[in-house]
Amino acid sequence: MEQQLPLFYGLSFLATALAFAFAAYLYLWVKKQRTENARILEVSALIKSGANAFMRREYSILAKFALVIAVIVFVLLPSPIWQGGSILDNVSIAIAYLIGTALSAVAGKIGILVATLANSRAAEGATHGIKPAFLIGFRGGAVMGLLVVGCSLLGVAAVLMVVGDATILLGFSFGASSLALFAKAGGGIFTKTADIAADLTGKVELGIPEDDPRNPAVIADNVGDNVGDVAGMGADLFDSNVAAMASALVIAQSLSGGLYNNVSMVFCYAILGLVASIIGIATARIGQHGNPTRALNSSTYVTTAVFLVLTAAATAVFPGFSWRIWGASSVGLLVGVIIGLTTDYFTDDTKPIVKKVAEASASGPAFTVLSGVAYGFISALPAMVGIAVSALVAYTICAPMGEGYAIFGISMAAVGMLSIVGMIISNDAYGPIVDNSRGLAEMGNLGEEAIRISDELDSAGNTVKAVTKGFSIGAAGLTVISLLGAFMSEANAALAAAGKPLLEGFDIMAPTVFFGVLIGAAIPAVFSAMLILGVDKNAQRMVAEIHRQFNSIPGLKEGKEGVVPEYDKCIDIATTGALRELIPAGLMSIVATLLVGFIGGPQAIGGFLLGNIVSGLLLALFMSNAGGLWDNSKKYVEAGNVGGKGSNAHKSAVIGDTVGDPFKDTAGPSINTQITVVSLVSSLLSTLFVAFSIFG
């Protein structure tokens, strides 16, 4: 069986090269599309400049942070250097950590490059109908999807091939997760600061259109779509994919006693997932009067079917591949699709829930918020049940294979759920591209029909974005369950060396475990609150700046020709505030993990992770779905329903949308990264928690 592994290393590099080549083709295709409107070119250049300026400042801060963490990792992991172990292992894990952060940063940078190229072209494409605008937006997103997945597969395969120890991959995954956590938090604070400030001052106070060029925050809002929804999301899903593969490979290697068939199977399924995504992207189509939501979802279903067929064929062909593991992987993927469908029901403006919230808005903003919160909480149940069922089924299917295989089954369910991550990212990145194109269509005076088409594409983007968040949150849930298994195996090795009883499970009646559960459950709530407060404080500063400009720049409010707002002031407020709030929330999560570990030991950490997972998944699903629901309720009203633009229902719906903005684009999607980070910190520091704890 071991002879298979070099084959799969080679196939990993081949699939990566194929993905990169196809991405290059799509990039050149998007670049070739014509854009001639002078105003659109001017605004698009401002958006690109603002996004790149923010990314430079953010990455310079995160680079210093990563270097400090790399030194700490070198000193402490996998064992403290003063204990006299192999220093090569410490060097390897520190380098793997830095590679993980670098590739995560590259994922975000690629997204900015493509999105700022595609937005203007999609706007002008809308003047020729929905088909060209959709294809430009989707193919622009697909470039990022292919490159992010290609980078993750390349990084994991290269690290494991060079060092041969899957435990080092935890360092690689920690690098990806830690950078993604801060990039998502920073980008999310930036984008929602500008979005909320622009909506409240423009739509609610002055009754001007969403992307009216008179609004000083409008460029910052479009910049935010890129740094939050594109760069942050790219780093986030890169991290999710790497974490799923790393946890599966750690368990696979421990089961094999070396590099054998289980490790090959993880790589095989990851490769076929990338191939299936390439096929799904290549077959994405829409007619001149087609439905963009249906087109995006159809591509996801095609990719799912192709993956199931290809993995079944591979399982039949390669010796040592288990049908039980294929079953666990398939269950994960199918449950991911089901989570997506339930999310779609709660967030699609053609479905009844969005219409009910829009109708409630006619009675005032309190009813908008109350109905959105209620439906958001209800929407979390199907996804939570789906994650629970997939974990239970995967565990049950693989348990008869022997000790350790049940947890491996859960990890493969996570790999299955994220197997089509190339398509997931393509759909997700499509959203902010068409959102930007809608603003550009308005600022470029492309006409009502182009704006209507852009609105339709944007609404589909909001719905599909909520679906893809459901995928990534569900996969994070399964991944951290398997990371809990990885933590147990790492902790047991340290406990055995210390002559202490091994962990066989976590008894919630044990005081140290219960101590950990309660603190772990509180962390996602505090983490979310810190991010939302960051948006709140920053948005208030920007609202004050917008008022200043409207009151002090003659002719701005009236829209006199030649009068231009000071866009850069709003971009600077969003940038400065986001960078100020960037580190504290993520650092709080890591410090809390360390305190629980050094106070209660491995048992307390087990409880901490359990509470963190359950509370985090619930809050992440609630906030992502409620935010998407409010956003599309607003768009439903703006399409002429329940009074249309300018009505009381519209003003209430805008307020609901501004409440939902930091839910769905800042706190919600950051929580799954926070869960992954604390799980990886726990596994990496398990030896220290065994050696130094007060009650352990």
query = At what distance in angstrom do the alpha carbon centres of the stretch 274-303 and the stretch 497-563 lie from each other?
reply = 35
Within straight-line cross-link reach of Lys651, lysines at Cα separation under 21 Å, skipping those fewer than 8 residues along the same chain = Lys192, Lys203, Lys355, Lys356, Lys557, Lys634, Lys635, Lys664
inquiry  = Given the -39500 (n - 2.57) contribution per DSSP H run of 4+ residues, what per-residue ellipticity at 222 nm results for the chain, rounded to the nearest 500 deg cm²/dmol?
reply    = -29000 deg cm²/dmol
ask   = Relative to the longest principal axis of the chain, what angle (0 to 90°, nearest 10) does the C-alpha long axis of helix 4-32 take?
value = 10
Between the stretch 76-134 and the stretch 183-257, the alpha-carbon center distance in angstrom = 14
Contour minus Cα-Cα distance for Leu595 and Lys31 (0.36 nm per residue) = 198.0 nm
note = Relative to the chain, whose Cα atoms define the longest principal axis, helix 233-256 and its Cα axis are tilted in degrees, nearest 10, by 10
request  = Kindly report the accessible area of the chain per residue (heavy atoms of protein chains, probe 1.4 Å, no ligands, DNA or RNA), in Å².
outcome  = 32
Separation of the Tyr345 and Ile279 label points, Cα + 7 Å toward Cβ, nm = 2.9
ask   = Within the accessible area of the chain, what % is carbon and sulfur when the probe is 1.4 Å and the other protein chains stay in place?
value = 67
key: Acute angle (nearest 10 degrees) that the helix 648-662 long axis makes with the longest principal axis of the chain, alpha-carbon atoms   = 30
message = Averaged across orientations, what area in nm² does the convex hull of the alpha carbons in the stretch 41-197 project?
response = 11.0
key: Reduced Cα scattering model of the stretch 163-307, Debye log10 I(q)/I(0), q = 0.09 Å⁻¹   = -0.49
note = the chain: relative contact order from alpha carbon pairs under 8 Å, six or more residues apart, as a whole percent, is 21
inquiry  = Bins of 10 Å, beginning at zero and ending with the bin holding the largest distance: percent of Cα pairs per bin for the stretch 199-275, please.
reply    = 16, 25, 17, 13, 14, 11, 3
query = If you average 1/r over all unlike Cα pairs in the stretch 344-497 and invert the result, what Kirkwood radius do you get in angstrom?
reply = 18.6
note = Both in Å, the radius of gyration and Dmax of the C-alpha trace of the stretch 403-491 are 19.5, 65
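Would you please classify the overall shape of the stretch 482-540 from the alpha carbon gyration tensor, given that a ≥ b ≥ c denote the square roots of the eigenvalues, rounded means a/c under 1.5, and beyond that prolate means a/b larger than b/c while oblate covers the rest?
In terms of gyration-tensor shape, prolate.
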task = Note down the relative contact order for the stretch 449-591 as a percent, whole number, built from C-alpha pairs under 8 angstrom at least six residues apart.
result = 19
ask   = Out of these labelled values of percent of Cα pairs over 40 Å apart, (1) 29; (2) 26; (3) 42, which was calculated from the coordinates shown here?
value = (2)
query = Reported to two decimal places, what Rg/Rh ratio describes the stretch 9-80 when computed on Cα atoms with Rh from the Kirkwood expression?
reply = 1.22
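Would the stretch 268-419 count as rounded, prolate or oblate if I go by the C-alpha gyration tensor, calling it rounded below 1.5 in a/c and otherwise prolate when a/b exceeds b/c, oblate otherwise?
Oblate, because a/c is 1.5 or more while a/b does not exceed b/c.
The values are calculated or read from the model by the stated rules, or taken from the named source; none is laboratory data. Computed from a predicted structure; not experimentally measured. Cβ atoms come from the backbone with ideal geometry, glycine included; neighbour counts cover every protein chain shown. These accessible areas exclude ligands, DNA and RNA; they are computed on the full protein's heavy atoms, side chains included. Shrake-Rupley method; radii C 1.70, N 1.55, O 1.52, S 1.80 Å.
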